[in-house]
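All remarks here apply to the structure that follows.
The values are calculated or read from the model by the stated rules, or taken from the named source; none is laboratory data. In this text, all values refer to a predicted model and were calculated from it rather than measured experimentally. A quick note on method: Cβ atoms are made from the backbone with ideal geometry, for glycine too, and the neighbour counts reach across all protein chains shown. Accessible surface areas use protein heavy atoms only, side chains included; no ligands, DNA or RNA. Shrake-Rupley method; radii C 1.70, N 1.55, O 1.52, S 1.80 Å.
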Amino acid sequence: MKLEEALFEARPYVEYHEKLENLVRRLWEEAADEESFLQLLRGEIERAEEPFKTDLRIFLQKFEALKG
């Protein structure tokens, strides 16, 4: 699953892995499809405070790299 793979890839680079994992799993469950997941995630990035905002950006980068 792409979500699992992106979490694994991001793990060495993020400060708050457990918080990140909990959030992205919740967003994944809420989302109807991958595109709505990405919209929800980008909304969270806009609202997040540093340093968690950077963790979210790293996850997004890893997730999008797996696209395709």
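Farthest towards the positive end of the charge dipole of the chain, among the residues Ala32, Phe63, Met1, is the Cα of Phe63, using unit charges on the Cβ of Lys, Arg, Asp and Glu. For region 26-38, the Karplus equation 6.51 cos²θ - 1.76 cosθ + 1.60, evaluated at θ = phi - 60°, returns couplings of 5, 5, 4, 5, 6, 6, 6, 7, 4, 5, 5, 4, 5 Hz by residue, with Gly and Pro reported as x.
For the chain, the mean residue ellipticity at 222 nm estimated from helices alone is -24000 deg cm²/dmol, where every DSSP H run of n ≥ 4 contributes -39500 (n - 2.57) and the total is divided by all residues, rounded to the nearest 500. Charged side chains reduced to their Cβ positions (Lys and Arg at +1, Asp and Glu at -1) give the chain a dipole of some 100 debye around its Cα centre. Probing with 1.4 Å while keeping every protein chain in the model, the per residue accessible area of the chain equals 65 Å². Computed across the chain, the Kirkwood radius stands at 11.7 Å (inverse of mean 1/r, all Cα pairs). Scalar couplings 3J(HN,Hα) for region 10-24, obtained by applying the Karplus form with A = 6.51, B = -1.76, C = 1.60 to θ = phi - 60°, are 7, 3, x, 9, 9, 8, 10, 4, 5, 4, 4, 4, 4, 5, 5 Hz; x denotes Gly and Pro. If you count Lys pairs in the chain whose Cα atoms are under 17 Å apart, skipping same-chain pairs closer than 8 places in sequence, the total is 5.
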